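Contents: one structure, followed by commentary.
The values are calculated or read from the model by the stated rules, or taken from the named source; none is laboratory data. These numbers come from a predicted model, not from an experiment. Heads up, the Cβs are rebuilt from the backbone with ideal geometry, glycines too, and the neighbour counts pull from every protein chain shown. These accessible areas exclude ligands, DNA and RNA; they are computed on the full protein's heavy atoms, side chains included. Shrake-Rupley method; radii C 1.70, N 1.55, O 1.52, S 1.80 Å.
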Amino acid sequence: MALTNNKSILDWIDEKVELVKPDEIVWIDGSEEQLEALRKEACETGEIIKLNEELLPGCYYHRTKPNDVARVEDRTLICSKKEEDAGPTNHWMAPDKAYKMLYDIAKDSYKGRTMYVIPYSMGPVGSPFSKVGIELTDSIYVVLNMAIMTRVGKKVLDAFGDKSNDWVRGLHCKCDVDPENRWICQFPEDNTIISVNSAYGGNVLLGKKCFALRIASYQGKNEGWQAEHMLILGIENPQGEVKYICAAFPSACGKTNLAMLIPPEGYRNKGYKVWCVGDDISWIRKGPDGRLYAINPENGFFGVAPGTNDKSNPNALAATKKGTIFTNVARNLDNNTVWWESLDKNPPVNAEEWTGIKTNGVEWKAEGKNLAHPNSRFTAPTENCPCLSSEFENPQGVPISAFVFGGRRAKLAPLVYQSRDWNHGVFVGATMASETTAAAAGAVGVVRRDPMAMLPFCGYHMADYWQHWIDIGKTLDPDKAPKIFNVNWFRKDDEGNFLWPGFGDNLRVLEWIIKRCDGEVDAQETAIGYLPYAKDINLEGLEDEVTEESLEKILDVDKDLWTEEAKGIEEFFAKFGDKVPVELEESLATLKANLQ
Ligand code: GTP
Ligand code: SPV
Ligand code: MN
């Protein structure tokens, strides 16, 4: 039975029912009984496997098709009416043509299947930041993931009432998971998303990248707020004051890890604490006091499994110990638990690797093969996270002191630097580059520009998005505007070893950032912005790993490399013609002049 009388919602569902022809329609009410029944059903069909109830209570295992393990950027389309509105960095298709193509694929595709209607809220139900979506799907796996990643059920519809337009339509059709007919389409002007022939996370959990970034970035431009690919963390100092930072790093470049970091021992002893508000997406708007406030619109973590262990990210690991769905990791058949690369040094002997091949994990690894897919993921409820911020549910969000941009760059980008002002900070974000990762299909390790870590997620013209950043800055009192920084945890020496220990030790850099925000530490002015004096990064307890000399190496500005970089930025900007905001052109001119 329908869970709402909202006519715009019911009409749209009727239309889609007519198109895909499900045998049955089930509304997701958000109750534990209903979810439990769906888990049972999915276990019976083999869609998911129940894991060891003693060791991993309420946890399940799922495997996608091997051709369907990551986002597909060249099949992700922005279907604005005008091609120009999608801009040169998005793939575009005219809405009429896209609807026709998608409807041809979707037609009758639910025959013999059930349509699940998922009402969900991005953001706490009833928060002024929050937005509602309806996802139709024929996959129980998608329902169970959405129930972790978002707030779902009748409460969402009750709070929404009979408003007619401000909700996002989402249709997901698993079809045959055919990569040749896979399309992830956003229609920003219609508040609509259609995703066909995939069952992988970012392609099908429509509340996440499709809505909370692509559609929401467009909404934010029109409504005066921002949707960003940013984590949110709070740093509590020994006096008990908490300062919040939002940080944008491209996919699989360390957001989840930074958001949940455990302070180094010396900091813990002094009383420092880190609180996680979000690990992937921020919705940001100006508060009544003129500062920017951010919420995490999600309710779960869809985190990268490989590399997560009790040293690198104990908080994320703890979050996966109950009520979690694991996708494309390996399964230990001796005790029916999960394993992935670098979880520990003991790959299971009796294992099933991520595609389901039975193997001796020890030998598999010895042959240099991975047991888990490099983009294997866990879907864990935020409430499981030991360091979840008490402000996580705050409908007003948290005040932001600093924005941090960063990426994976073996060379060039120093450990940290600060922009000269807001507009220069927008330039720093707009010109970020990073090595590609397994989070998207395609080559890994290739440096590409990824402005604000939004290259795959901006729902409109990238240069208009930069202009939106510039315009937001104009509305902020400079004293209240977040300060903008850039970091790089991934500098390598010529042998390919990381030059910075990363993970918990990144707090040492965040401490400098907070001190800069509070005007408590000097910095050296360089061609690219303000860099720390090596003495101002606290290395206490790190003496074996980093010396002041080696730190100076990753705090350098190599003029030749940066001159090359400025050329690369110029070429990049050329793609956008005269739409590049004049403020960014000015920053480029200043950079070039500074490097002379
Ligand atoms: P998405 O969920 O794809 O948006 O990614 P994310 O930005 O949340 O990335 P995540 O924190 O999951 O990190 C991805 C990979 O980077 C993992 O394998 C981590 O182990 C590794 N990583 C994270 N932080 C650091 C760091 O400070 N130093 C180094 N060397 N590796 C790191
Ligand atoms: C990313 O790729 O940035 C992710 C995972 O956070 S996904 O939801 O698949 O987009
Ligand atoms: Mn992400």
Problem - Accessible-area ranking of Tyr120, Tyr272, largest first, probe 1.4 Å - result: Tyr272, Tyr120
Handout entry: C-alpha long axis of helix 507-517 to longest principal axis of the chain, angle in °
Key = 70
Practice task
Report, in degrees rounded to the nearest 10, the 0 to 90 angle that the Cα long axis of helix 32-45 makes with the longest principal axis of the chain.
Solution key: 80
Practice task
Work through the residues other than Asn423 whose Cβ is under 12 Å from its Cβ and net out their charges, Lys, Arg +1 and Asp, Glu -1.
Solution key: -3
Completion exercise
If each K or R counts +1 and each D or E counts -1, the residues other than Pro57 whose Cβ falls under 11 Å of its Cβ total +1
Practice task
Can you work out the accessible area per residue across the chain, with the rest of the protein chains kept in place, probe 1.4 Å, in square angstrom?
Solution key: 38
Exercise for the section: Could you tell me whether the stretch 353-438 comes out rounded, prolate or oblate from its Cα gyration tensor? Rule is a ≥ b ≥ c as square roots of the eigenvalues, rounded for a/c under 1.5, then prolate if a/b exceeds b/c, otherwise oblate. Expected result: oblate
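Counting only C-alpha contacts under 8 Å and six or more residues apart, can you give the relative contact order of the stretch 301-367 as a whole percent? Can you show the working numbers first?
Details: 84 pairs, mean separation 17.2, N = 67.
Dividing the mean separation by the residue count of the stretch 301-367 yields 26 percent.
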Practice task
Express as a percent, rounded to the nearest 5, the fraction of DSSP beta bridges in the chain (both residues included) that run antiparallel.
Solution key: 65
Problem - Solvent-accessible area of Phe503 with every protein chain in place, 1.4 Å probe, in Å² to the nearest 10 - result: 100
Practice task
Classify the stretch 248-323 as rounded, prolate or oblate from the Cα gyration tensor: take a ≥ b ≥ c as the square roots of its eigenvalues, call it rounded if a/c is under 1.5, otherwise prolate when a/b beats b/c and oblate if not.
Solution key: oblate
Completion exercise
Neighbours of Glu583 by Cβ distance under 15 Å: Lys/Arg at +1, Asp/Glu at -1, summed charge -3
Handout entry: Debye-sum result for the stretch 477-571 in log10 I(q)/I(0), which assumes one identical scatterer on each alpha carbon, at q = 0.11 Å⁻¹
Key = -0.38
Handout entry: C-alpha long axis of helix 7-20 to longest principal axis of the chain, angle in °
Key = 70
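How long are the semi-axes of the equivalent ellipsoid of the stretch 170-236, taking √(5λ) for every eigenvalue λ of the Cα gyration tensor, in whole Å from largest down? Mind showing how you got there, number by number?
Values: eigenvalues 139, 53, 10 Å².
Sorted largest first and rounded, they come to 26, 16, 7 Å.
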Completion exercise
Descending packing, highest mean Cβ count within 10 Å first, for 339-350, 124-135, 226-237 is 226-237, 124-135, 339-350
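For Asn309 and Glu520, calculate 0.36 nm times their separation in residues minus their Cα-Cα distance, and state this gained length in nm to one decimal. If you can, show how the numbers build up before the last one.
Working: separation 211, 0.36 × 211 = 75.96 nm, distance 3.48 nm.
Additional length available on full extension: 72.5 nm.
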Practice task
State the percentage of accessible surface on the chain attributable to carbon and sulfur atoms; use a 1.4 Å probe and exclude ligands, DNA and RNA.
Solution key: 48
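Would you mind checking the pairs Lys270/Lys311; Lys474/Lys575; Lys16/Lys50; Lys50/Lys131; Lys163/Lys322 and listing those with alpha carbons more than 28 angstrom apart? Before the final figure, lay out the partial values.
Numbers: Lys270/Lys311 20 Å; Lys474/Lys575 25 Å; Lys16/Lys50 32 Å; Lys50/Lys131 33 Å; Lys163/Lys322 37 Å.
Checking Cα-Cα distances, Lys16/Lys50; Lys50/Lys131; Lys163/Lys322 exceed 28 Å.
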Handout entry: Contact order normalised by residue count of the chain, Cα under 8 Å, 6+ apart, percent
Key = 14
Practice task
Any aspartates and glutamates with Cα under 16 Å of the Lys358 Cα? List them, leaving off those in the same chain fewer than 8 positions away.
Solution key: Asp334, Glu367
Exercise for the section: Could you tell me the distance between the Cα centroids of the stretch 291-352 and the stretch 448-507, to the nearest Å? Expected result: 26
